[in-house]
Protein chains: 2
Amino acid sequence: MEESLKRSDDTKAKLIDAAGHVFAQRGYPSTTVREICGRAGTPVGAVNYHFRNKQGLYVAVLEHSMQSAFAKYPLQYGIEGEATPEEKLRAFIHSFLLRILDEGVPAWHMKLVNQEISDPAGAFDHMMEACIRPTYEYLRGILCEMLEEENVEEGRESDLVFLCATSIAGQCLYHFMGRNVIAALRPESFNPADIGRIAEHITEFTLRGIRKPGEQGERHRKEAHGTASAR
Amino acid sequence: MEESLKRSDDTKAKLIDAAGHVFAQRGYPSTTVREICGRAGTPVGAVNYHFRNKQGLYVAVLEHSMQSAFAKYPLQYGIEGEATPEEKLRAFIHSFLLRILDEGVPAWHMKLVNQEISDPAGAFDHMMEACIRPTYEYLRGILCEMLEEENVEEGRESDLVFLCATSIAGQCLYHFMGRNVIAALRPESFNPADIGRIAEHITEFTLRGIRKPGEQGERHRKEAHGTASAR
DNA sequence: ACAAAAATTGAACAATTGTTCAATACAAGC
DNA sequence: GCTTGTATTGAACAATTGTTCAATTTTTGT
C-alpha cells in the first residue's frame, strides 16, 4: 500500500515537474501532453489517468508552483519581530523580486503564475485567491500604515493606496514580464545576481514616490526644484 | 488595374482586421486561420495566398497595429514647442497609457504588442526596432535631461536612468498586463475613462521618485546598502 | 470578342492534437 | 498458486490544425 502510493505519487511528481518546464516555456496552448510525457518518461495515458486531462495537470502544476514559491520566500521574508513600515516595504519588494526572478527556485514556478495573469488559461480564479489576493492584502496593510489610513481592517482602502500598490507591483513585475525587452535594450545588464540592486532602486524610488495626502502640494509645475521633502 | 489592386487590398485589410481581433483575444497559437477567414468572409486559402502563411499574416497584423497606434498617439503627443522635462514626462506617461489602454483605437492594437512582449511569437525583433526602441530612446532623452546626464547622444546612459525608465514603463504597462488582476481586486475601478487619473498618479509618483544622484542622501535607512553601483 | 495570363478559391491532405478504453501488469486475499 | 480486483499502459480514434494545388473566376492584352 505504501509502495504503490509512493510509486503513484512519484509519477505524479515527475509529471508535474516535466509539465512545469514545458508549460512555462511554450505556454498552455502550445504544450502537448506527448512532450510532457516524453520528458517525464511516462506513457501518454498517464496524464489523463492521474490528472483527468491536460487542464487538470495544468491546475495541479500551478498549485504546486505557488506553494513552492511562497514556501521558499514567504510574505514576511526578511522581517523578524518588529519593523517599521519602511523596513517592511523594503523586505516586501525584495522578496517579491526574488519570488519572480530567482533562478534558484525552479525557474518556472512564478513564470507560470505571471503567464496566467496576462493570459488566463483556466486557473485564474484559484490563483487569485490562493496567491495574489493575500499578497495584495499584505502590501495594502503596509501602505495603509505608511499613509496613516485607518481602514486597514476593512477592505475599503483609498484610491491612493491602490494606485501606489499597482505602482509597486508594476515596477517589480516588469522586470519579469518585460525581461525580453530589457535584455534587448541592455544586453549586458541585468542578470539574476542583480536582484538586490533592482530591489534597492525600486524601494528608494517608491519611498520617495509615496506621499501622504496632505503632506505637500504639487511641486513639479512651475516652481523651483529646491523643495526638500519634509519628514 | 486600380480595381484589382483595390480589391486585393480590401481583402488584405479585412483579413488584417479580423486576424487582429482573434489574435488579440486568443493568442497566436490558439488562433485558427479558419476562424480568421470565417470572420473576414474569405476562403481559407486567402491567408496563405495573401500572406504566405499564418505567421506572415501575424507579422502583417503587428506591423499595422504599431503604425496605427503611433499614428493616433505619437511620441510627442501633448507637447507643442518648448517644454520642460517635467512637462515632457507628464505627456509621455499620458500618451503611453492612452496607447495601451484607450478603447477608441481598435482595442487589439497594443494588446498584440504587449502579447508579443511577454510571449514572443515570431515578430519580436521587428517590433523591438520599430516601436519599443524608439520609445525607450525618447524616454531616455527626457530622463537624461532631468538627471542632468550629458551622454544623451551616445547610448551609454547610467544604470540609474535605465532603472528609472523601467520603473516608468512598469507602472504604465501593469495597468494593461495586470488588467485582469486589477479588475478582480477592485471591480468598481478603473474604467478606461480613468486614464487621466492614472496618468496623474504615475507622473506625480515618478517625479518624486526620480532623484538626481547627488541631490539628497539616503533618507529612509540608517545607512546605504553595500553595493551602490557595480559595473 | 477572344485568348492568354494572373488571381482567387475551397475541397482534399498529411500531420498533430487530446482523449479513450481494451489489454496488460500488479497486488491482495485465501 | 490461484483468483479477484485494482492500477497502469499505449495503440487506436475522432477532431482539428496549417497548408496545398487543381479547378475556377477575373483581369489583361490585342
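The values are calculated or read from the model by the stated rules, or taken from the named source; none is laboratory data. Small disclaimer: the values here were computed from a predicted structure and weren't measured. Virtual Cβ from ideal backbone geometry, glycine too; neighbours counted across all protein chains shown. Quick note on the areas: whole protein, heavy atoms, side chains included, nothing else; ligands and nucleic acids left out. Shrake-Rupley method; radii C 1.70, N 1.55, O 1.52, S 1.80 Å.
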Open item on the list: Distances in nm, one decimal, shortest first, from B:Asp9 to the same residue in every other copy, taking the label point 7 angstrom along Cα→Cβ.
Closed with: 6.7
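Could you order A:Arg186, B:Arg208 by accessible surface area, starting with the largest, using a probe radius of 1.4 Å?
Values: A:Arg186 10, B:Arg208 40 Å².
Descending order: B:Arg208, A:Arg186.
Within 15 Å, Cβ to Cβ, of A:Ala69, how many net charges do the neighbouring residues add up to if Lys/Arg are +1 and Asp/Glu are -1? Intermediate results must be reported in sequence, preceding the final value.
Numbers: positive: A:Lys72, A:Arg99, A:Lys111; negative: A:Asp17, A:Glu63, A:Asp102, A:Glu103, A:Glu116.
For residues surrounding A:Ala69, the net value is -2.
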Task: J(HN,Hα) series, the stretch B:100-107, from Karplus relation 6.51 cos²θ - 1.76 cosθ + 1.60, nearest Hz, glycine and proline x - done: 9, 10, 4, 7, x, 5, x, 3
- [ ] State, to one decimal in nm and shortest first, how far the label point of A:Ser189 sits from each corresponding label point in the other identical copies (label point: 7 angstrom along Cα-to-Cβ).
- [x] 3.5
- [ ] Quick one: divide the alpha-carbon radius of gyration of the stretch A:66-209 by 2.2 N^0.38 Å and tell me what you get.
- [x] 1.05
TODO: Would you tally the net charge around B:Gly209, using a Cβ to Cβ cut-off of less than 11 Å, leaving B:Gly209 out, and scoring K and R as +1, D and E as -1?
DONE: +2
Open item on the list: If each label sits 7 angstrom from Cα along the C-beta direction, how far apart, in nm, is B:Lys72 from its counterparts in the other copies?
Closed with: 4.2
Task: Estimated vicinal HN-Hα couplings, Hz - the stretch B:182-195 in sequence order (Karplus 6.51, -1.76, 1.60; Gly, Pro = x) - done: 4, 5, 6, 6, 9, x, 7, 10, 10, 8, x, 5, 8, 3
Task: Listed peptides A:39-52, B:169-182, B:98-111 by packing density, highest first (mean Cβ within 10 Å) - done: B:169-182, B:98-111, A:39-52
- [ ] Once you've got the Cα coordinates, tell me which of A:Lys54/B:Lys12; A:Lys111/B:Lys72; A:Lys12/A:Lys88; A:Lys12/B:Lys54; A:Lys14/A:Lys111 are over 30 Å apart.
- [x] A:Lys54/B:Lys12; A:Lys111/B:Lys72; A:Lys12/A:Lys88; A:Lys12/B:Lys54
Task: Local electrostatic count at A:Ile195 - Lys and Arg +1, Asp and Glu -1, tallied over other residues with Cβ under 12 Å - done: -2
